[in-house]
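Report on the following structure.
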Amino acid sequence: MTVASTAAHSGKTIMIDNYDSFTWNVYGVLSQLGADVEVFRNDEITLEQLKALNPKNIVISPGPGHPRDAGISMAVIKEFGGKVPILGVCLGEQAMFECYGGTVKFAGEIVHGKTSPVKHDGKGLYKGVSQGIEVTRYHSLAGDKNTLPDCLEITSTTPSGVVMGVRHKTFVMEGVQYHPESIASEEGNRLIANFLSWEGGLWETMVEKPIYVATPKSQRKRLGALEHNHPSIASPAPTSAPHKKTILETIAEQRLRDVEETVKLPGHSLKDLQTALSLGLAPKQIDFGKRLLAAAPNVAVLAEIKRASPSKGPIDMDTHAPSQALLYATSGASAISVLTEPTWFKGTLQDMKLARAAVDDLENRPAILRKDFVVDEYQIYEARLAGADTVLLIVAILLGDGVLKGLIDVSRALGMEPLVEVANAEEMRIAVDVGAKIIGVNNRDLHTFTVDMSRTSTLASMVPKDTILIALSGITGRSDVEKYVASGAAGVLVGEHLMKSKDKRLFIRDLIGLPTPMDIVSTPSSTPSAPEKTLVKVCGITNVSDAQIAAKSGANFIGLIFAPSPRQVTPAKAKEIIDTLTQSTPRQKFTLPARPPLCSTQEWYTRSHTALKTHIATSSSNTPLFVGVFSNTPFEEINAIVRETGLDMVQFHGSEDPALLAPLICVPVIKAFHVHKGDTAISVLAQIERGNGVLAAALLDTGVKGLEQQGGSGVTFDWELAKSLVKGCGVPIWVAGGLDSENGVKDHGKVERFVAGAKAV
């Protein structure tokens with residue numbers, strides 16, 4: 001068959017089915033209008049077989065995904081264009097756009113089962129059709145009018161400018177982005193009847209055999225083309241009740257605008273992201289599903305980092321994402337969920353990127369989930385480049401034709417199995433139908449933000465055997481976890497209650513069902529201890545035996561020296577000491593208190609000292625805190641040793657400027673200030689002030705002229721200076737203990753007497 005062929009056709013209408021439920025509706029309207037329709041799936045017929053059928057006309061159906069996923073559809077358009085009339089519906093229209101060199105991309109909005117008025121040119125499909133008809137839309141993709149192929153022309157648009165139809169300038173070929181077959185689309189039968197009336201492949205030689213279709217008087221509007229003014233387009237029909245947007249719809253629309261603004265920035269286009277990925281710049285991934293299943297027989301905990309929410313407002317605005325991530329990781333979390341939505345949840349992509357970096361060197365690190373309202377594939381590429389192992393896809397905002405399936409495909413192409421979120425039976429059916437492998441049931445309705453704790457258990461029976469089920473939202477403790485595990489859940493995602501918990505480490509371990517330090521360490525007195533008046537730190541420990549004696553004697557801190565010294569220890573030895581005394585059990589970490597505005601030096605050190613004493617008094621573990629002593633060591637090296645060994649604190653013992661370096665250390669910092677001959681309380685206070693807001697404590701030690709490495713000299717300074725700082729300036733001060741040492745071995749008797757004597761002060 002050639003382009004100019006006029007050979008007799010078979011009389012059949014052939015429809016290419018792109019695996020979509022709307023195909024049946026299109027078939028129904030075609031048949032009602034008298035067409036003899038035969039339907040073929042897009043992967044079950046060849047071009048040669050189609051040619052042999054000699055069709056009168058061809059319809060390309062709606063379908064999921066992108067036109068490039070539509071099987072034989074684009075090949076049919078190329079082969080039969082100019083030979084027989086072709087109609088494309090939704091995905092079919094997009095296929096025409098792509099087939100001739102245009103680009104189909106995010107439409108700027110997501111619509112599912114909603115109507116919009118359209119302006120049209122009154123020609124072709126729109127001959128005799130009222131202007132401003134309301135049409136039913138199910139899509140998030142559309143042809144980009146800036147890439148309109150020369151051979152096509154736009155026939156219809158929405159008031160916002162989204163392309164709703166195209167026509168080939170030479171061939172008898174038109175497509176519509178909406179669903180004319182829908183009962184909610186006005187005059188849809190008229191459009192389809194116009195198509196069925198055409199015979200021939202070229203507009204200049206086409207023969208038209210009109211099919212009569214009555215349009216109800218109530219639906220008739222003024223006819224005409226685009227250049228006319230149509231008031232009906234400016235406002236909904238009087239019978240239309242105004243739709244009040246839910247918070248979920250509002251957030252989704254804002255994220256669309258956020259993406260639009262981001263891609264305008266130089267270096268932030270989708271192509272820029274793809275190029276960066278092609279250069280291997282994305283961090284190495286782990287398999288999200290396997291990481292969750294590795295928690296068995298325990299439950300996998302997905303620990304969330306979020307500063308705020310629409311329902312609760314601010315939760316913890318001072319949250320530092322990487323610190324929180326490291327805490328979660330070392331507490332046993334299988335995955336870390338990082339909110340990256342900025343407007344309502346106060347998160348950023350940078351939060352996720354830094355959280356990933358914080359746990360990157362950990363053995364068996366948790367998976368990183370980008371928790372956001374993903375409405376465009378751009379966000380998935382962003383997530384991958386920033387270090388995500390998976391992304392959240394919320395079915396409720398991805399209901400357009402093939403949108404969810406398309407984003408799942410993009411995610412998998414980037415090596416990430418997404419977490420697909422559902423909130424009801426219909427969304428669960430959709431998730432299962434598109435082949436989601438990890439499904440999360442949100443117990444919170446994202447339209448109203450109300451919580452139904454029975455939702456996960458109710459929907460669990462719909463989950464296929466090999467699909468991983470996760471319970472999301474509203475989980476307050478182990479009793480909730482046990483209920484969901486009994487229903488088949490392999491994991492739980494915990495956000496608000498974890499963020500608000502005082503001891504996040506113990507909270508996570510309780511959710512998992514692991515023993516807490518209270519179960520392992522000897523039970524303390526039934527009444528909480530009052531904070532001790534004097535805290536004691538024994539420094540220079542080099543072996544397990546000395547550490548055990550110091551701990552047994554009541555030392556609050558054990559100092560492990562990493563600076564050059566006769567008592568220097570290796571990271572491996574330090575880890576051995578710490579693991580032995582803690583029984584390798586995670587402990588609640590001490591963190592600095594928040595610094596109030598205009599906080600004085602005296603107020604800051606008092607706050608931090610009080611917080612430290614309270615932490616020790618209320619800790620569920622009787623184990624001392626371990627302090628690593630460093631001297632002029634690069635902060636990266638210090639942090640690496642902290643992560644390797646499990647140190648609780650760091651002590652600067654060189655000439656470090658605490659104001660510059662302490663904020664870069666991953667645990668609280670003590671600074672040793674060396675008191676030299678001639679120093680006064682005022683001169684020392686000036687040094688100590690550099691630690692306002694960043695140091696946990698200020699320690700005074702003797703400065704010895706001529707020593708490259710200060711500390712451990714056995715020489716003491718005038719402690720009256722320390723007393724004057726405490727009494728005169730109100731600054732809590734630590735002083736060096738002055739224990740003697742021989743080749744790094746402690747005299748156990750001296751240690752015991754020293755600790756006892758110090759605590760009696």
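Looking at this model, which pairs from LYS290/LYS465; LYS346/LYS504; LYS483/LYS589; LYS271/LYS437 are more than 23 angstrom apart at the alpha-carbon?
Flagged as over cut-off: LYS483/LYS589; LYS271/LYS437.
Considering the Cα trace of the range 1-137, what is its radius of gyration and what is Dmax, both in angstroms?
15.4, 44
Give me, ordered by chain and number, the residues 5 or more places off GLY559 or on other chains with an amide H under 5 Å from its own placed amide H.
Distant-sequence amide H within range of GLY559: VAL538, CYS539, GLY540, ILE541, VAL627.
Taking amide H atoms as placed 1.01 Å from N in the peptide plane, list the residues 5 or more away in sequence, or in a different chain, whose amide H sits under 5 Å from that of GLY88.
For GLY88, the qualifying residues are ILE60, GLU174, GLY175, VAL176.
Run the paramagnetic zone check for VAL263: 7 angstrom along Cα to Cβ, then residues of the range 94-119 with backbone nitrogen under 18 Å.
Answer for the range 94-119: 94-95, 97-99, 101-111.
Using θ = phi - 60° and the Karplus form 6.51 cos²θ - 1.76 cosθ + 1.60, what ³J(HN,Hα) does each residue of the range 101-106 get, whole Hz, x for Gly and Pro?
Couplings: x, x, 10, 9, 9, 4 Hz.
In whole Hz and in residue order, list the ³J(HN,Hα) couplings for the range 476-488 that follow from phi through the Karplus curve 6.51 cos²θ - 1.76 cosθ + 1.60, θ = phi - 60°; x for Gly and Pro.
So the Karplus estimates, Gly and Pro as x, are 10, x, 4, 5, 5, 4, 4, 5, 6, 4, 5, 8, x Hz.
Order these by the 10 Å Cβ neighbour count, fewest first: HIS268, HIS120, HIS139.
HIS268, HIS139, HIS120
Measuring from centroid to centroid over Cα atoms, what is the spacing of the range 558-624 and the range 124-151 in Å?
The range 558-624 and the range 124-151 have Cα centres spaced 66 Å from each other.
Taking θ = phi - 60°, what integer Hz values does the Karplus form 6.51 cos²θ - 1.76 cosθ + 1.60 yield along the range 546-563, in sequence order, with x for Gly and Pro?
Calculated HN-Hα couplings, in order: 4, 5, 5, 5, 4, 5, 5, 6, x, 4, 7, 9, 10, x, 10, 8, 10, 7 Hz.
What's the local net charge at ALA396, with K and R +1, D and E -1, over the other residues with C-beta under 12 Å away?
Spelling it out: positives minus negatives among the neighbours equals -4.
For a quick check: sort CYS666, CYS99, CYS90 by the number of other beta carbons within 10 angstrom, fewest at the front.
Result, fewest neighbours first: CYS666, CYS99, CYS90.
Among ALA333, ILE397, LEU277, whose Cα projects farthest towards the positive end of the dipole of the range 252-513, with charges put on the beta-carbon of Lys, Arg (+1) and Asp, Glu (-1)?
Sorting the options by dipole projection puts first ALA333.
Pulled fully out, how much extra length does the chain show between VAL726 and LYS123, if you take 0.36 nm times their separation in residues and subtract their Cα-Cα distance?
Answer, rounded to one decimal: 208.1 nm.
Provide the net charge surrounding PRO596, with neighbours chosen by a C-beta distance below 13 Å and charges set as Lys +1, Arg +1, Asp -1, Glu -1.
Net local charge, PRO596 excluded: 0.
Between the alpha-carbon centers of the range 45-71 and the range 274-301, tell me the distance in whole angstrom.
38 Å
So how much slack lies between ILE183 and SER655, counting 0.36 nm per residue of separation and subtracting their Cα-Cα distance, in nm?
162.1 nm
Taking amide H positions as placed in the peptide plane 1.01 Å from N, state which residues far from ALA367 in sequence (5 or more) or on other chains have amide H under 5 Å from it.
Hits under the 5 Å cutoff: ALA335, ILE336.
Please work out how much length the chain gains when fully extended from LEU664 to SER461, using 0.36 nm per residue of separation minus the C-alpha to C-alpha distance, in nm with one decimal.
Net length gain for the segment: 68.2 nm.
How large is the translational diffusion coefficient of the range 12-234 in µm² per second when you combine the Kirkwood radius over alpha carbon pairs with Stokes-Einstein at 4 °C and 1.567 mPa s?
Reported coefficient: 76 µm²/s.
Under a crude label model (7 Å from the Cα following the beta-carbon direction), how far is ASP452 from ALA594 in nanometres?
3.6 nm
Based only on other Cβ atoms within 10 Å, what is the fewest-to-most ordering of ASP287, ASP121, ASP20?
ASP287, ASP121, ASP20
For the range 119-176, take the alpha-carbon Rg, divide it by the Kirkwood Rh, and send me Rg/Rh.
Rounded to two decimals, Rg/Rh equals 0.94.
Where a number appears in this text, it was derived from the coordinates with a stated rule and is not lab data. All of these numbers come straight from a predicted model, not from anything done at the bench. Every residue, glycine among them, receives a Cβ derived from its backbone with ideal geometry; neighbour counts consider all protein chains shown.
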